[in-house]
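Below: the structure, in structure tokens.
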Amino acid sequence: MEIRLFFPDSTAILTPDAAEHGVTVTHFVDHSVHTVTLTALEAGICPEALEVTFPIPETLLSPVESLYFYDDAAHTNDVSGVFTYAENPAREIAQLALFKNLASGQTLLYGLCTMHRFWSAIFLRDGTVTFRFELEGRELTVGEAYTMERFTVAEGTENGENALLEAYADAVASLNNCIPTGDLPVGWCSWSCFYGDVNEDRIRTAADMQVMYASEGRPNLVQIDDGWQRSGSFCGEWVTDEKKFPEGMAATSAYVRELGLTFGLWLAPLLLDDQSEYYESLKHLAMPEVTLGEHYHPFNLGDPAYHDHLRKTFRRMVDEFGATYFKLDFLAAAVRYFNGRGRFVKFPDGYCIEVQRKALSVIRETVGDEVFLLSCGAQTLLGAGIFNGARMSCDIIWGKNKAHPTYWQIMQNCLHTVGRRYFYHRKVYVNDPDGLVLRDWDRGDGFNCTWSEAELWTVAIAMSGGSVLSNDELEKLSDARRALYTESLPPLDIPCRPVDYFECPAPTAYILDVDENTKLLALYHFGDTMTDLDFDLDKVGMKGALVADCLTRKFLGFKDTIHVENSNPHSAAMFLLRKPADKPAFVGSDANIYMGIGLFSSVYEDGRLTVTRPADTHENAVAYALWPEGYTPEGEVMWAENGYTLTKLNRNTHILEIDHAEN
């Protein structure tokens, strides 16, 4: 390991605990988490940056053609991916790099764990990995300890990438006091449905449709995205557009909440458009720099007067509008240039990440702990400990533009990114995979998915364990497409993971662990021609499991392998896997895409099988039980195999109880 301190005209190599070059630096490691602290011993020390460099182990590099790495990307809405090291020996990585040599199985993770004060990044350079912390040329206060962002370097074993990623998430959660709490957002978001063309009637209708069509799935949210406010996306002053909402936002919110749904709003509170009608009254709070496009300025994030403006804004949103869910967007553009004019913004009142976190903390303090905050368009680690949730993929729709990827390419990017970022869910954030869009007509946005693609995206969101937010007019969908949404509810709130994290060009199989005896498996076919799919259940420890097809709701029997004949292009298959119990037990239902897992439960005691489900929901759902040899099956016999009998149980309004006596 080597520590370097960079000045405008020189570089100093620092020795831990030694007084040299006017500073001291300390370094210690606790459970693979590194802490580096810099202290100035004299005045006039103005470093540009500090770097900590590690050589990549020779064992990991050999053979180099077998070395791959996962780059988690910089922002919540970016596309992450796996790359070959031989073709990418020099690369900037925002926060997390996971290496694996496919020949040896050796894994090594390098990751930033905090984003509290300094702009930081990871660099691959000539066989080394460097953590760089930007000190912005500011003079260090003599005697003050400047702790760099915490980071981890952790080595795994063969096929140890999942353990490394989950340990990384645990470290991030601990160091940031993360709060991935609150109900999983389920319901509707306006963005990919109406974009900016929202209005009072459309929002109320959307809320009505959630109650009409999806009530059994327990929807809990209607969120209005960009377009509800006057004067554009970066207005600065958040005033309801009275032409779109003539009765006012408070009335729309009250309508939504009276239906038993949470009311949510979109804001981009850290940027100001110099074309906004409110610019003249707010420009004293803004920076002169333009970081996005030609007109969008960051606010002066460390200015107490701006903090007062945030407090006033969000108190009104909560107290007057009744909003208890906020999607906060374009957060990264408040500190980073997206228009080529620079790298990051230097603020007068503190380091750029320090003041950005402060502004976001003001929002959290204002709305209180019970409000759900979703981070969007942000550095991925930025909101840790402040936000409940974070977007974990790019937008599902980018607009109709031949310069953009196709809707099918975007759908795959979303699936791969949220799938590989599974480890954040309920540790650091509640994961948001973006909206469930299922319509089969082109709204002018370039999205026009086939039935197979609609099923695939439904499976991807269901398996992600994250939020499920329809971005459609439910009343205009066909019955079959609408059922894809309603039958993906209520979600399990458990994330799947890739069976082979480093499968290239992308994972085609994902596994979700409900418990040690119950799993869900998704298989994806991304190709353009029809093919067969095969999967060995021994790969996920479920050889000989009872298998059910989640899309057809049919039990297939006991299997060692799964074979899907004639899989359509751009399609998915999803299966329930259950190890048979030694006593009678509920094994599945046609209630939803999860085969009733999470809704139904069973217990066998005193010679009696009792199957229960929530009252007043899924009253017409069919439940199935598996009876081992030696027990008298109850219900309609479906088939018998390997000493077990599958039966369809009789329905009961609230509690299904099956009497049974042992032979």
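Please tell me the relative contact order of region 102-187 in percent, rounded to the nearest whole number, where contacts are Cα pairs under 8 Å and at least six residues apart.
39 percent
Any idea which of Cys496, Tyr510, Leu474 is furthest toward the positive side of the dipole for region 461-536, if Lys and Arg beta-carbons carry +1 and Asp and Glu beta-carbons -1?
Looking along the dipole axis, the top candidate is Leu474.
Tell me, what is the Rg over Rh of region 461-615, with Rh the Kirkwood radius over Cα pairs?
Rg/Rh: 0.98.
Working from Cα positions, state the angle (0 to 90°, nearest 10) between the long axis of helix 161-176 and the longest principal axis of the chain.
60 degrees
Taking the alpha-carbon set of the chain, what are its Rg and Dmax in Å?
26.7, 88
Taking +1 at the Cβ of each Lys and Arg and -1 at the Cβ of each Asp and Glu, which of Met542, Thr561, Ala572 sits farthest along the dipole of region 539-583 towards its positive end, judged by Cα position relative to the Cα centre?
Met542
Explain nothing, just the number: dipole magnitude of the chain about its Cα centre with +1 on each Lys and Arg Cβ and -1 on each Asp and Glu Cβ, in debye rounded to the nearest 20.
In debye, rounded to 20, the chain gives about 500.
Using Cα centres only, tell me the gap between region 605-629 and region 375-390 in whole Å.
41 Å
What angle do you read, to the nearest 10 degrees and between 0 and 90, between the alpha-carbon axis of helix 304-319 and the longest principal axis of the chain?
Compared with the principal axis, the helix lies near 20 degrees.
Quick check on region 335-413: what does the Kirkwood estimate of hydrodynamic radius come out to from the alpha carbon pairs, in Å?
One decimal place: 15.1 Å for the Kirkwood radius.
Could you list log10 I(q)/I(0) for region 286-398 at q = 0.12, 0.13 Å⁻¹, which the Debye formula gives when each Cα is one point scatterer?
Values, matching the q order: -0.43, -0.51.
Please state the charge dipole magnitude for region 1-95, taken about the Cα centre, from unit charges on C-beta atoms (+1 on K and R, -1 on D and E), reported in debye and rounded to the nearest 20.
60 debye
Starting from the Cα gyration tensor of region 494-536, multiply each eigenvalue by 5, take the square root, and state the resulting semi-axes largest first in whole Å.
The three semi-axes for region 494-536 are 22, 12, 8 Å.
Return the whole-Å distance between the Cα centroid of region 570-596 and the Cα centroid of region 420-435.
Here the two parts' Cα centres lie 24 Å apart.
I'd like the distance separating the alpha-carbon centroids of region 301-344 and region 1-75, in whole Å.
Distance between centres, Cα-based: 32 Å.
Using only Cα atoms, find the angle between the long axis of helix 352-367 and the longest principal axis of the chain, and express it within 0 to 90 degrees, rounded to the nearest 10.
So the helix axis and the longest Cα principal axis differ by about 50 degrees.
Please list, ordered by chain and number, the residues whose modelled amide H lies under 5 Å from the amide H of Asn300; skip anything fewer than 5 residues away on the same chain.
Ala286, Met287
Answer with one residue from Thr406, Leu520, Val82: the one whose Cα lies farthest towards the positive end of the charge dipole of the chain, charges on Cβ with Lys, Arg +1 and Asp, Glu -1.
My answer, from the dipole projection, is Thr406.
Can you compute log10 of I(q)/I(0) for region 89-234 with the Debye formula, treating each Cα as one identical point scatterer, at q = 0.11, 0.13, 0.16 Å⁻¹?
Log10 of I(q)/I(0), two decimals: -0.76, -0.87, -0.94.
Can you give the Rg to Rh ratio of region 195-273, both from alpha-carbon atoms, with Rh computed by the Kirkwood formula?
Dividing the radius of gyration by the Kirkwood radius yields 1.00.
Any idea what the dipole of region 470-594 comes to, in debye rounded to 20, about its Cα centre with Lys/Arg Cβ at +1 and Asp/Glu Cβ at -1?
About 320 debye.
Along its principal axes, what span do the Cα atoms of region 21-72 show, with the longest given first and each in whole Å?
49, 25, 23
Take the Cα radius of gyration of region 404-540 and divide it by 2.2 N^0.38 Å, with N its residue count; two decimals is plenty.
1.05
Percent of Cα-Cα pairs more than 22 Å apart in region 21-162, please.
The calculated P(r) of region 21-162 puts 43 percent of pairs beyond 22 Å.
If the viscosity is 1.306 mPa s and the temperature 10 °C, what Stokes-Einstein diffusion coefficient in µm²/s follows for region 1-105 when Rh is the Kirkwood radius over Cα pairs?
Here the translational diffusion coefficient equals 97 µm²/s.
Would you kindly find the accessible area of Tyr85, with a 1.4 Å probe and non-protein molecules such as ligands, DNA and RNA excluded, rounding to the nearest 10 Å²?
The accessible area of Tyr85 comes to roughly 10 Å².
Output the pairs from Lys327/Lys402; Lys244/Lys283; Lys539/Lys579; Lys244/Lys400 with a Cα-Cα distance over 20 Å in this structure; if there are none, say none.
Cα-Cα > 20 Å for Lys327/Lys402; Lys244/Lys283; Lys244/Lys400; rest within.
Compute the Rg/Rh shape ratio of region 441-486: radius of gyration over Kirkwood radius, all on alpha-carbon atoms.
0.95
Give the long-range amide H neighbours of Thr114: residues separated by 5 or more places, or on another chain, with amide H under 5 Å away, using H modelled in the peptide plane at 1.01 Å from N.
Those lying under 5 Å, H to H, from Thr114 are Arg150.
The values are calculated or read from the model by the stated rules, or taken from the named source; none is laboratory data. What you see is a predicted model; the values in this text were computed from it and never measured. Virtual Cβ from ideal backbone geometry, glycine too; neighbours counted across all protein chains shown. These accessible areas exclude ligands, DNA and RNA; they are computed on the full protein's heavy atoms, side chains included. Shrake-Rupley method; radii C 1.70, N 1.55, O 1.52, S 1.80 Å.
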